[in-house]
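Engineer: Got a structure for you, questions after.
Laboratory data are not the source of any read-out in this text; all were calculated from the coordinates shown. Keep in mind the model is a prediction, meaning the values are calculated, not measured. When we count neighbours, we look across all protein chains shown, and the Cβ atoms used for this are built from the backbone with ideal geometry, even at glycine.
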Amino acid sequence: MLVAGSETSATTMEWAFSLLLNHPKKMNKVQEEIDTYVGQDQMLNGLDTTKLKYLQNVITETLRLYPVAPLLLPHESSNDCKVCGFDIPRGTMLLVNLWTLHRDANLWVDPAMFVPERFEGEEADEVYNMIPFGIGRRACPGAVLAKRVMGHALGTLIQCFEWERIGHQEIDMTEGIGLTMPKLEPLVALCRPRQSMIKVLSNI
């Protein structure tokens, strides 16, 4: 439970930061949103994350492109059924390939592109072709907490620091191998305190 509840969130945040470093305009958009709704005279708190819609869209888009659990937990069909035109007998083990579903060109416009704006104006939880936590009665019970924790951690790091890639080359986004889906090359980046936040940071 500890690994499922912490390692997955940490891995998702690493993917999110990598994407934002490769798309600095979107990083700036997140920073501007935080400055607008939270300000620069106090630290972001957990309740603030509910106001930061674009930051939540970044997290959702990260989970779409790089679902930390690319195969959902196995399910067993309780009755004979059809899935995508295939006859599935009762008692068959079923695995949902999220990585493929989330990048299906029949469901998404420019599926390989990092576009957090695609979730603007709609509730991401109602997008049934976007299910990084599963769906229905057997969905991950920690989904709400995970989004809150990731939003708070990412938001605080972006609010307090300026982030840059090491060199001009883009961050390598190659997936590694494991039960979850880590980056093949761990993220390494440069950061420095934002001048506007030094006073707040010095009071921590």
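Engineer: As an exercise, find the ratio Rg/Rh for the range 47-204 from alpha-carbon atoms, using the Kirkwood inverse-distance average for Rh.
Structural biologist: For the range 47-204, the value is 1.04.
Engineer: Now for a different question. For Arg194, enumerate residues with amide H under 5 Å from its amide H, sequence gap 5+ or separate chain, H modeled in the peptide plane.
Structural biologist: Phe161, Glu162
Engineer: So, one more: Net charge near Lys183, counting Lys/Arg +1 and Asp/Glu -1 over other residues with Cβ under 10 Å of its Cβ?
Structural biologist: Result for the local shell: -4.
Engineer: Rounded, prolate or oblate: pick one for the range 151-199, where a ≥ b ≥ c are the square roots of the eigenvalues of its C-alpha gyration tensor, a/c under 1.5 means rounded, and failing that, prolate if a/b is larger than b/c, else oblate.
Structural biologist: It comes out oblate by the Cα gyration axes.
Engineer: Once amide H atoms are built 1.01 Å from N in the peptide plane, which residues 5 or more positions from Glu175, or in another chain, come under 5 Å H to H?
Structural biologist: Leu184
Engineer: Give me the angle, in degrees from 0 to 90, between the Cα long axis of helix 24-37 and the longest principal axis of the Cα atoms of the chain, rounded to the nearest 10.
Structural biologist: Helix 24-37 and the main axis of the chain meet at about 70 degrees.
Engineer: What is the distance in Å between the Cα centres of the range 75-124 and the range 133-189?
Structural biologist: When both Cα centres are located, 21 Å separates them.
Engineer: On to the next question. Please report the net charge: other residues with Cβ closer than 12 Å to the Cβ of Arg194, K and R +1, D and E -1.
Structural biologist: 0
Engineer: Could you tally the net charge around Pro24, taking each other residue with its Cβ under 14 Å from the Cβ of Pro24, Lys/Arg +1 and Asp/Glu -1?
Structural biologist: Overall, the nearby charge balance is 0.
Engineer: Provide, as a two-decimal number, the C-alpha radius of gyration of the range 86-167 over 2.2 N^0.38 Å, N being how many residues it has.
Structural biologist: After normalising by residue count via 2.2 N^0.38 Å, the value is 1.45.
Engineer: Hey, what angle do you get for helix 2-22 against the long axis of the chain, alpha-carbon based, 0 to 90 degrees rounded to 10?
Structural biologist: Roughly 60 degrees, rounded to the nearest 10.
Engineer: Mind checking the angle between helix 53-65 and the chain's longest principal axis? C-alpha axes, 0 to 90 degrees, to the nearest 10.
Structural biologist: Here the helix axis deviates by roughly 40 degrees.
Engineer: When ranked by the protection proxy of mean other Cβ atoms within 10 Å per residue, highest first, what sequence do the peptides 175-187, 142-154 form?
Structural biologist: Per-residue mean Cβ counts within 10 Å order the peptides as 142-154, 175-187.
Engineer: If you place +1 on the Cβ of every Lys and Arg and -1 on the Cβ of every Asp and Glu, how big does the dipole about the Cα centre of the range 23-89 come out, in debye to the nearest 20?
Structural biologist: So the dipole magnitude of the range 23-89 works out to roughly 220 debye.
Engineer: Dipole size in debye (nearest 20) for the chain around its Cα centre, Lys and Arg Cβ +1, Asp and Glu Cβ -1?
Structural biologist: 300
Engineer: Under 5 Å between amide hydrogens, which residues at least 5 positions from Val96 or on another chain qualify, with H placed 1.01 Å from N in the peptide plane?
Structural biologist: For Val96, whose amide H was placed from the backbone, the distant partners under 5 Å are Leu72.
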